[in-house]
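Below is one structure; the comments refer to it alone.
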Amino acid sequence: MPTSKREKRKIKGGYFWKILWVDLDRAEATPLEFDEAFASKYIGGRGFGAKLLWNQLQKGKIDPLSPENLLVIAPGPLAGLYLPASGKTSFVSISPETGIYGDSSMGGSFGAELRQAGLDALAITGKARTLSYLWIDNGEAKVIPNEKLKGKGSLESEGIIKEDLKDEHIKVATIGPAGENRVRFACVTSDWGRNSGRTGIGAVMGSKNLKAIAVRGSKDLPVFDLPRLQKASEASFQSLRENKNFTFWQEQGLMSVIDYVNEAGVMPTYNFREGVFEHAKKINGYEMLSKYKIGDTSCFACPMACGNVCLVKEGKYRGTVVEGPEYETACMFGSNIGVQNFAAILKANQLCDELGIDTITAGNLIGVLMEAQETGMLSEKDLDGLSLKWGAEEAILETVHRIAHRKGIGNILAEGTFGVIKQWPQLKPIISQVKGLEQSAYDARIAISMALGYATSDIGAHHARAWTIAKELEMGMDWPLEKKADLVIYHQTLRPLFDMLGVCRLPWIELGFDEHRYAEFYSAVTGMETTLNELLQRSKDLYDLTRAINLKLGIGRKDDYPPERVFNLPMTEGPHAGKILKREEYETILDIYYQKRGWTKEGLVDEKKIETFNDPLITT
Amino acid sequence: MSWKLAVVPERCSGCKICELVCSINRFGVNNPKKSAIQVMVIYPHPIIRMPIVCRQCKIAKCMENCPTGAITTKDGIYDIDGEKCISCQQCVISCPFGAIYLHEEIETPFKCNLCNGNPRCVEACPKNALLFLPEHVLGQAQRMTSVLKYVHMKEVEYVEKGERKVLRYADIEKGKAED
């Protein structure tokens with residue numbers, strides 16, 4: 001780029017102005033430069049991903065598992081910097097699981113390394129001729145065929161590639177056998193257990209014959225005013241350390257949430273039928289601390305160290321070691337399927353990591369089969385000879401294996417919710433899912449804002465966009481619907497902003513970290529004085545873009561409903577026994593929500609608004 | 001009195017904040033690869049993370065092997081003199097810990113110089129995995145731990161002027177099960 005153009009820019013840091021466009025068909029990589037108007041409007045992370053996908057969709061329909069699908073891996077302008085928890089990267093693609101917009105953010109250090117390689121994002125299209133990995137050495141890309149990696153586990157592959165490239169310090173994102181076999185909820189793993197878990201990005205990589213992406217970067221990250229960033233960051237780190245829950249959080253991480261949700265009566269139990277698990281104490285954070293935890297792990301630049309490394313020292317799962325479990329895994333492979341043995345949860349977690357499977361979806365679907373077996377909706381023959389009773393550890397582990405290798409019943413489950421419904425239409429009412437994405441581990445029937453959050457999340461029933469359950473429980477059920485809709489929209493605006501910037505949401509949601517600090521970071525890094533409200537507006541606009549993508553792919557009001565059972569299946573125990581959501585009330589809050597977003601009653605985005613995304617800011 | 005930077009690897013969670021702080025203070029850039037302390041994570045599983053940093057050895061192999069006398073010492077702190085250094089990298093391979101680093105954009109190897117007696121990484125570490133201690137205190141924490149374990153320390157709570165306090169005492173009936 002000519003110097004004159006560089007000097008004229010008002011954004012003076014935060015970007016390398018380079019997206020690497022990798023065409024696997026031709027084994028070619030071309031740098032794609034972008035303008036500051038593009039950087040300003042879409043910021044980075046899922047913002048870059050959504051815009052690039054939007055452009056791709058203008059060329060025609062995309063089958064998620066075809067070479068035409070685009071995979072964008074984008075950290076944000078704050079990723080890799082000296083500020084709390086700057087280790088997040090978004091993986092964005094058309095989801096093989098839902099067929100609509102999909103993204104999932106990964107922690108660890110992969111994003112920071114990608115930035116140090118001098119890249120703001122990677123965009124990958126096409127399909128390699130044989131199983132290969134992509135090696136990015138300080139911005140230079142090479143496609144390296146390696147058939148030896150076939151069938152190898154995610155963590156194992158990370159080791160093989162590090163050995164191949166003779167560098168222990170590089171960062172590698174891999175898929176396991178599940179990704180290779182295009183299991184529609186396969187994940188991408190890095191740093192031995194940090195996952196981009198949801199929406200099946202691993203299957204997209206598998207369909208491209210792309211086993212892994214290895215990165216080494218050593219460049220200085222562009223920061224306009226480093227002393228100003230340093231000052232803001234030091235105060236930020238200090239504020240986190242002064243929080244009274246800081247040490248407790250380091251000890252337990254997300255496992256501390258288990259006691260809270262169980263007491264609140266919203267723990268996913270027996271396929272989301274109940275909200276209280278009688279054996280919760282056997283799978284909570286204290287159980288982990290007293291018998292299994294052997295170390296903490298952090299993502300890049302994160303003082304909170306919420307990762308737990310656990311080891312099983314005795315019994316039949318002896319020798320199992322895993323980074324985890326996270327709260328979601330402990331519930332989905334614990335209470336949701338009746339498992340009360342913490343060691344078995346660790347074993348399942350390890351297996352899913354190595355095979356490359358999303359633990360939330362796997363635990364959810366296994367729960368569905370268990371209920372179906374219990375109620376006689378499916379026979380043992382349907383279940384491929386597996387005795388899937390609540391808590392049946394061996395059958396659970398065997399099912400996970402079969403999913404990854406698409407054996408027998410595993411081949412049906414590997415197709416995700418839509419595949420299961422196609423095979424057994426009678427199961428549709430008992431699957432907790434939205435838009436084909438299986439619900440994550442918070443109940444939705446007692447908090448209408450949580451139901452609305454799941455139902456209007458742009459990727460399906462995942463809590464990452466809006467996690468309002470705690471606030472609603474705290475504020476009481478009589479809180480006006482208007483306010484609840486506002487709360488959902490605020491979450492759906494702020495939380496995706498974190499994914500655009502490349503930072504983690506946990507300092508904010510868990511330790512009350514002031515979100516205004518991100519505007520200060522952004523201003524210091526880019527040299528553009530920007531307020532939090534301005535950043536939030538860009539995130540809110542982006543929600544219209546992901547909605548526009550989904551509308552184009554056939555989504556409408558009919559798809560913005562929470563899982564069926566929140567309307568018709570009351571819990572029998574706990575503080576919320578007997579409660580269900582009222583359908584009319586949900587219709588009302590959905591109307592309010594659309595109105596506040598400026599969408600029509602059918603959930604459509606204004607045509608003029610959509611036109612603003614057809615900007616020529618980047619051509620691909 | 002010389003001070004030492006000591007590492008407690010079992011506390012380290014691998015967040016790399018020490019690397020960031022070092023690169024900013026040492027080189028004025030945000031670049032963990034330009035840090036004189038770097039965290040090693042060992043495959044196959046990150047059970048241990050060890051920040052590798054110069055121990056300011058009294059018998060310094062790097063200094064012994066430097067052919068140009070570029071490694072100098074002052075008050076027990078070793079540093080590399082960029083004027084004399086020919087970047088042969090002998091010191092890098094001589095250090096038994098691998099605590100001398102290279103970067104493609106920096107001409108000569110670099111190592112920890114304890115920020116002139118105030119190592120910034122120590123205060124920045126959120127897990128207290130880095131300690132900066134007078135040399136003669138090294139090992140004292142372990143001694144204390146072993147003593148406390150032996151005497152079975154117990155605590156008794158009491159209230160003084162409305163304030164909750166704790167008194168620790170050694171249980172002489174050591175080994176007896178807690179009541």
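Values for this structure:
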item: Tally of residues being closer than 25 Å to residue A:176 by Cβ, without any contact (Cβ under 8 Å) to a residue 40 or more places away in the chain and either touching a Cys at 6+ places or on another chain (Cβ under 7 Å) or in a helix (DSSP H, G or I) (or both) across segment A:370-396; result: 2
item: Filtered residues of segment B:24-39 (kept if of a type in the set (S, T, N, Q), more than 8 Å from chain A (Cβ to nearest Cβ) and assigned to a loop (DSSP other than H, G, I, E, B)); result: B:35
item: Test result for residue A:461, in contact with a Ser or Thr (Cβ under 9 Å, 6 or more places away or on another chain), in a loop (DSSP other than H, G, I, E, B) and under 20 Å from residue A:264 (Cα atoms); result: no
item: Complete set of residues in segment B:75-89 that are in contact (Cβ under 8 Å) with a residue 24 or more places away in the chain and closer than 21 Å to residue B:59 by Cα; result: B:75, B:76, B:77, B:78, B:79, B:80, B:85
item: Of the criteria (1) over 26 Å from the mean Cα position of the chain (by Cα); (2) more than 14 Å from every other protein chain (Cβ to nearest Cβ); (3) in a helix (DSSP H, G or I); (4) not hydroxyl-bearing (Ser, Thr, Tyr), which one residue A:244 fails; result: (3)
item: Residue in segment A:229-238 that is in contact (Cβ under 8 Å) with a residue 24 or more places away in the chain, crowded, with 23+ Cβ neighbours inside 10 Å and of a type outside the set (Gly, Ala, Ser) present; result: yes
item: Subset of segment A:300-309 [part of a loop (DSSP other than H, G, I, E, B) and at the interface with chain B (Cβ under 7 Å from one of its Cβ atoms)]; result: A:300, A:301, A:302, A:303, A:305
item: Out of A:506, A:590, A:542, sole residue that is closer than 30 Å to residue A:250 by Cα and buried (at least 19 other Cβ atoms within 10 Å of the Cβ); result: A:506
item: Candidate set: segment B:1-20, residues that are farther than 26 Å from residue A:293 by Cβ and more than 7 Å from every other protein chain (Cβ to nearest Cβ); chosen: the one modelled with the lowest pLDDT; result: B:1
item: Residues (buried (at least 20 other Cβ atoms within 10 Å of the Cβ) and either in contact with a helix residue (DSSP H, G or I) (Cβ under 7 Å, 6 or more places away or on another chain) or small (Gly, Ala, Ser) (or both)) located in segment A:364-383; result: A:364, A:365, A:366, A:367, A:368, A:370, A:371, A:372, A:378
item: Any hit, segment A:320-340, residues being in contact with a strand residue (DSSP E or B) (Cβ under 6 Å, 6 or more places away or on another chain), over 22 Å from residue A:256 (Cβ atoms), surrounded by 24 or more Cβ atoms within 10 Å (Cβ to Cβ) and not assigned by TED's automatic domain parsing to the domain that holds residue A:577; result: no
item: Residue match in segment A:147-160 (condition: in a strand (DSSP E or B) and either crowded, with 24+ Cβ neighbours inside 10 Å or out of contact with any helix residue (DSSP H, G or I) (no Cβ under 8 Å at 6 or more places or on another chain) (or both)); result: no
item: Residues of segment A:406-431 that turn out to be out of contact with any Ser or Thr (no Cβ under 9 Å at 6 or more places or on another chain) and assigned to a loop (DSSP other than H, G, I, E, B), as a count; result: 6
item: Qualifying residue in segment A:123-131 (condition: without any contact (Cβ under 8 Å) to a residue 60 or more places away in the chain and closer than 20 Å to residue A:106 by Cα); result: no
item: Filter result for residue A:554 (out of contact with any Phe, Trp or Tyr (no Cβ under 8 Å at 6 or more places or on another chain), surrounded by fewer than 16 Cβ atoms within 10 Å (Cβ to Cβ) and either at pLDDT 95 or above or outside the structural domain of residue A:108 (by TED's automatic domain parsing) (or both)); result: yes
item: One residue from A:11, A:19 being touching a helix residue (DSSP H, G or I) at 6+ places or on another chain (Cβ under 8 Å), within 20 Å of residue A:90 (Cα to Cα), buried (at least 16 other Cβ atoms within 10 Å of the Cβ) and in the same structural domain as residue A:188 (by TED's automatic domain parsing); result: A:19
item: Residue among A:170, A:124, A:175 that is at pLDDT 95 or above and within 14 Å of chain B (Cβ to nearest Cβ); result: A:170
item: Residue within segment A:254-270 that is surrounded by fewer than 22 Cβ atoms within 10 Å (Cβ to Cβ) and either under 30 Å from residue A:15 (Cβ atoms) or acidic (Asp, Glu) (or both) present; result: yes
item: Hits in segment B:1-57 - residues which are β-branched (Val, Ile, Thr) and in contact (Cβ under 8 Å) with a residue 24 or more places away in the chain; result: B:7, B:8, B:17, B:21, B:37, B:39, B:41, B:48, B:52, B:53
item: Any chance residue A:194 is crowded, with 21+ Cβ neighbours inside 10 Å, away from chain B (no Cβ under 14 Å) and in contact with a strand residue (DSSP E or B) (Cβ under 7 Å, 6 or more places away or on another chain); result: no
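One line per residue, one yes/no per condition, for (1) assigned to a loop (DSSP other than H, G, I, E, B); (2) under 30 Å from residue A:251 (Cα atoms); (3) touching a Cys at 6+ places or on another chain (Cβ under 9 Å):
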residue: B:93; (1), (2), (3): no, no, no
residue: B:105; (1), (2), (3): yes, no, no
residue: B:126; (1), (2), (3): yes, yes, yes
residue: B:144; (1), (2), (3): no, yes, no
residue: B:156; (1), (2), (3): no, yes, no
residue: B:167; (1), (2), (3): no, yes, no
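Matching residues to (1) away from chain B (no Cβ under 14 Å); (2) more than 15 Å from residue A:549 (Cβ to Cβ); (3) buried (at least 24 other Cβ atoms within 10 Å of the Cβ); (4) within 20 Å of the chain's Cα centre (by Cα):
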site	(1), (2), (3), (4)
A:66	yes, yes, no, no
A:76	yes, yes, yes, yes
A:82	no, yes, yes, no
A:98	yes, no, yes, yes
A:104	yes, yes, yes, yes
A:114	no, yes, yes, yes
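The values are calculated or read from the model by the stated rules, or taken from the named source; none is laboratory data. Keep in mind the model is a prediction, meaning the values are calculated, not measured. Cβ coordinates were reconstructed from backbone atoms using ideal geometry, including for glycine residues, and neighbour counts include every protein chain displayed.
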